[in-house]
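> Supplied in structure tokens, the structure appears directly below.
The values are calculated or read from the model by the stated rules, or taken from the named source; none is laboratory data. Every value quoted in this text rests on a predicted model; they were computed, and no experiment measured them. Cβ placement follows ideal geometry from the backbone for every residue including glycine, while neighbour counts extend to all protein chains displayed. Surface accessibility is based on the protein's heavy atoms, side chains included, excluding ligands, DNA and RNA. Shrake-Rupley method; radii C 1.70, N 1.55, O 1.52, S 1.80 Å.
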Amino acid sequence: MNKLLSILSTALLISGFAAAQEPVDMAMMQKIRDEEKNNSQITMIAHNLTDVCGPRLTNSPGYNRALDWVTATCQQWGLQNAGREAWGQFGKGWSNEQGTLALRVPYYENIIAYPVPWCKSTKKAVKAELVMLDAFDSATIDKMGDAIKGKIVMIKPGGVSIPDAFKAYATRYGDTSLDKLPDEYMVSRKEMEGFLPLIKSGYYTTLYLEKKGAVGLLRSSRGSIDGTVFVDGGAGYGVGFEATMPEMKTSREDYLKLMRLVQDHKKVELEMNVQNTFYDKDLTGYNVVAEIPGTDPTLKSEVVMLGGHLDSWAGGTGATDNGAGCIVTLEAIRILKALGVQPKRTIRIALWGGEEQGLYGSYGYVKKHFADAADMQLKPEHGKISAYYNLDNGSGKIRGIYTQGNDAVNAIFKAWLAPFADMGAAGGVTNSNTGSTDHISFDAVGIPGFQFIQDPLEYETRTHHSNMDTYDHLSIPDMQQAAVIMAAFVYNTAMRAEKLPRKPLPPAGKFVFDFDFPI
């Protein structure tokens, strides 16, 4: 008991000191907690975004179902200005109607495999012999000559074993590591330009393979084990870019077995059936937005934003990437609306499209409303936004926040996290940067944009871009915790006397995401 009292006293002292630096409405923090505890809608939102809407590949039927469902739900909750907002041209939608792969010779066996988004369909079910390329380039394809015609092709894998089973898929951060996290997921434009030749080469080699007569392509990643298959897509959505040949990603175990059979000079015959639909009537990309209007005569024109990307890949139903971020941010704004909050500043939720192809939705929104990172010519709204809060690292609970090098918000965020120490958010504020998601679009033009630190769980090892990205891999309790903290941060930002402090404006052209090739 004495030890418990000591811990509680220490937590209160820390919270009290932080609060002295940055006022926190503790009564409202408790109301937010109570609303989530007593009236949580996390499971309802999760079920509808994943099980009901299905895969949410940008501009697909599932994505459009999600746009409509979010709009209707926000209107039902009483949010204002709910609806789609165009951000620019995206390209073609795509959906898979059937996708099966089976071994027919030397015996029958189903193979775990998923079609690659934006690939073409097979002509009904195709039965063809399997051949293996030593490397994926035009010279190797030419070396095969006519032997490639009418064949399904696989590429010799670099590794010939699967990872051992002694390491757990899921992990959580230790409390002492939260303030010392290094930069995560940071990819510069220079690095992206370095990747582009590889991306382009893969795309054009696939087109060349089809031109040479191959009827199908198989690939697999080393981590696609234990029933998990990682599968994302290619450039076929882009306007003016040709769709690639029928392609499937397979489980690693199946892929290695096929390799061994081919290497043993056994005849291997497969049956591939891939049936897809392309959608090109509306090439526009859309986000979905909704608001709780501000009420302060002076500050109501200012905005606090929260969000995550609504689009997903098609192997699963986009539960952890990034249904989780959408679920949490929707729940956070629902909590605030249910409590009858009258924010000084307008609170706006935005769920983005095209993130998986390159932050398109958020980047287009920022260009439209605030500034273009290419020239840094600021629009009037640039001075009216206080902050944007993003969630996009799975369904793990919030453990802290990345400041993106903005030292001036460090003490503020520690004060805002302090009331939730008992929920696992023990003041983990790191000045490190994290990237590869939508807050970067805001940070790129000097707007305070933040991504929360989340427990990894099995996000990178099991669900991210995989067929396991489904409702049953969501941690509902963790998302309930995250919704409370997201609501608190948004509320505090909306009610604060001043906007959050900003870093110096970046120079024009430092962060530019426009490329001449669909990534």
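> Filter the stretch 78-100 down to the residues that are of a type in the set (Ser, Thr, Tyr) and either within 13 Å of PHE278 (Cα to Cα) or part of a loop (DSSP other than H, G, I, E, B) (or both) and list them by number.
Initially, the stretch 78-100 is screened for residues of a type in the set (Ser, Thr, Tyr), giving 95, 100.
The one that is of a type in the set (Ser, Thr, Tyr) and either within 13 Å of PHE278 (Cα to Cα) or part of a loop (DSSP other than H, G, I, E, B) (or both): SER95.
> Same structure again: Is it fair to say ALA86 is touching a residue at least 12 places away in the same chain (Cβ under 8 Å), open to solvent by 10 Å² or more (accessible area, probe 1.4 Å) and closer than 21 Å to GLY354 by Cα? Outline the logic, then answer.
Values: touching a residue at least 12 places away in the same chain (Cβ under 8 Å): yes; open to solvent by 10 Å² or more (accessible area, probe 1.4 Å): yes; closer than 21 Å to GLY354 by Cα: yes.
For ALA86, the condition - touching a residue at least 12 places away in the same chain (Cβ under 8 Å), open to solvent by 10 Å² or more (accessible area, probe 1.4 Å) and closer than 21 Å to GLY354 by Cα - is met.
> Evaluate the following for TYR363: is it touching a residue at least 12 places away in the same chain (Cβ under 8 Å), among the aromatic types (Phe, Trp, Tyr) and closer than 16 Å to ALA82 by Cα? So that I can check it myself, show each step before the final result.
On the way: touching a residue at least 12 places away in the same chain (Cβ under 8 Å): yes; among the aromatic types (Phe, Trp, Tyr): yes; closer than 16 Å to ALA82 by Cα: no.
Spelling it out, it is not the case that TYR363 is touching a residue at least 12 places away in the same chain (Cβ under 8 Å), among the aromatic types (Phe, Trp, Tyr) and closer than 16 Å to ALA82 by Cα.
> Something else: How many residues does the stretch 335-371 hold that are open to solvent by 40 Å² or more (accessible area, probe 1.4 Å) and more than 21 Å from GLY325 (Cβ to Cβ)?
Qualifying residue count, the stretch 335-371: 6.
> Let me ask another. With the condition kept exactly as written, say whether any residue in the stretch 454-475 is of a type outside the set (A, V, I, L, M), farther than 30 Å from SER220 by Cβ and at pLDDT 95 or above. First the steps, then the outcome.
Here is the first cut: in the stretch 454-475, the residues of a type outside the set (A, V, I, L, M) are 454-456, 458-467, 469-473, 475.
Then keep just the ones that are farther than 30 Å from SER220 by Cβ; that gives none.
No.
> Evaluate the stretch 190-207: report whether one residue or more is assigned to a helix (DSSP H, G or I), hydrophobic (A, V, I, L, M, F, W, C) and touching a Lys or Arg at 6+ places or on another chain (Cβ under 6 Å).
Scanning the stretch 190-207 turns up no residue that is assigned to a helix (DSSP H, G or I), hydrophobic (A, V, I, L, M, F, W, C) and touching a Lys or Arg at 6+ places or on another chain (Cβ under 6 Å).
> Related question: May I ask you to list the residues in the stretch 451-503 that are among the aliphatic types (A, V, I, L, M) and under 30 Å from ASP296 (Cβ atoms)?
Selection gives ALA482, ALA483, VAL484, ILE485, MET486, ALA487, ALA488, VAL490, ALA494, MET495, ALA497, LEU500.
> Restricting to the stretch 38-83, give me the number of residues that are out of contact with any Lys or Arg (no Cβ under 9 Å at 6 or more places or on another chain), open to solvent by 20 Å² or more (accessible area, probe 1.4 Å) and hydrophobic (A, V, I, L, M, F, W, C).
4
> To continue, here is another question. Considering (1) touching a residue at least 24 places away in the same chain (Cβ under 8 Å); (2) open to solvent by 10 Å² or more (accessible area, probe 1.4 Å); (3) under 21 Å from VAL304 (Cβ atoms); (4) of a type outside the set (Asp, Glu), say which one ILE385 fails and leave the rest.
ILE385 satisfies all of (1) touching a residue at least 24 places away in the same chain (Cβ under 8 Å); (2) open to solvent by 10 Å² or more (accessible area, probe 1.4 Å); (3) under 21 Å from VAL304 (Cβ atoms); (4) of a type outside the set (Asp, Glu) except (2).
> Which numbered condition trips up GLN404, out of (1) part of a helix (DSSP H, G or I); (2) closer than 19 Å to MET305 by Cβ?
Answer for GLN404: the failing condition is (1).
> If I filter the stretch 135-176 down to residues being free of Cβ contacts under 8 Å to residues at least 60 places away in the same chain, in a helix (DSSP H, G or I) and open to solvent by less than 40 Å² (accessible area, probe 1.4 Å), which single residue comes out as nearest to ASN431 (Cα to Cα)?
Among them, the one singled out is THR140.
> Still on this model: How many residues are of a type outside the set (S, T, N, Q) and closer than 13 Å to ARG222 by Cα if we restrict to the stretch 250-265?
So the answer is 5.
> If I go through the stretch 110-134 residue by residue, how many of them are open to solvent by 60 Å² or more (accessible area, probe 1.4 Å) and over 29 Å from GLY354 (Cα atoms)?
So the answer is 6.
> A follow-up question, please. Give the number of residues within the stretch 43-66 that are within 17 Å of THR463 (Cβ to Cβ) and in contact with an Asp or Glu (Cβ under 6 Å, 6 or more places away or on another chain).
Qualifying residue count, the stretch 43-66: 1.
> A further question on this structure: Any chance you could count how many residues in the stretch 209-225 are at pLDDT 95 or above, out of contact with any strand residue (DSSP E or B) (no Cβ under 7 Å at 6 or more places or on another chain) and within 19 Å of ILE112 (Cα to Cα)?
Qualifying residue count, the stretch 209-225: 1.
> With (1) surrounded by fewer than 22 Cβ atoms within 10 Å (Cβ to Cβ); (2) assigned to a helix (DSSP H, G or I) as the list, and SER432 as the residue in question, which single condition is left unmet?
It fails just one condition, (2).
> Let me ask something else about it. Return yes or no: is ASN410 out of contact with any His (no Cβ under 7 Å at 6 or more places or on another chain), under 28 Å from SER188 (Cβ atoms) and free of Cβ contacts under 8 Å to residues at least 24 places away in the same chain?
Here the answer is yes, as ASN410 does meet what is asked.
Conditions tested, residue by residue: (1) under 25 Å from LEU359 (Cβ atoms); (2) crowded, with 20+ Cβ neighbours inside 10 Å; (3) within 26 Å of the chain's Cα centre (by Cα).
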{"position": "LEU378", "(1), (2), (3)": "yes, no, no"}
{"position": "ASN390", "(1), (2), (3)": "yes, yes, yes"}
{"position": "VAL409", "(1), (2), (3)": "yes, yes, yes"}
{"position": "ILE412", "(1), (2), (3)": "no, yes, no"}
{"position": "ASP422", "(1), (2), (3)": "no, no, no"}
{"position": "ALA425", "(1), (2), (3)": "no, yes, yes"}
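> From the list THR206, THR244, THR228, which one is at pLDDT 95 or above, touching a Ser or Thr at 6+ places or on another chain (Cβ under 6 Å), farther than 23 Å from ARG56 by Cα and surrounded by 14 or more Cβ atoms within 10 Å (Cβ to Cβ)?
THR206
> So GLU269 fits all but one of (1) farther than 20 Å from GLY91 by Cα; (2) without any contact (Cβ under 8 Å) to a residue 60 or more places away in the chain; what number is the exception?
GLU269 satisfies every listed condition except (2).
> For the stretch 322-333, check the following and say yes or no: at least one residue is touching a strand residue (DSSP E or B) at 6+ places or on another chain (Cβ under 9 Å), open to solvent by less than 10 Å² (accessible area, probe 1.4 Å) and assigned to a loop (DSSP other than H, G, I, E, B).
So far as the stretch 322-333 goes, no, none of its residues is touching a strand residue (DSSP E or B) at 6+ places or on another chain (Cβ under 9 Å), open to solvent by less than 10 Å² (accessible area, probe 1.4 Å) and assigned to a loop (DSSP other than H, G, I, E, B).
> Hey, can you tell me all the residues within the stretch 334-383 that are of a type in the set (Phe, Trp, Tyr), more than 18 Å from ALA508 (Cβ to Cβ) and part of a helix (DSSP H, G or I)? Steps first, please.
As a first pass, look at the stretch 334-383 and keep what is of a type in the set (Phe, Trp, Tyr): 352, 360, 363, 365, 370.
If we keep only those that are more than 18 Å from ALA508 (Cβ to Cβ) as well, we get 352, 360, 365.
Within the stretch 334-383, TYR360, TYR365 qualify.
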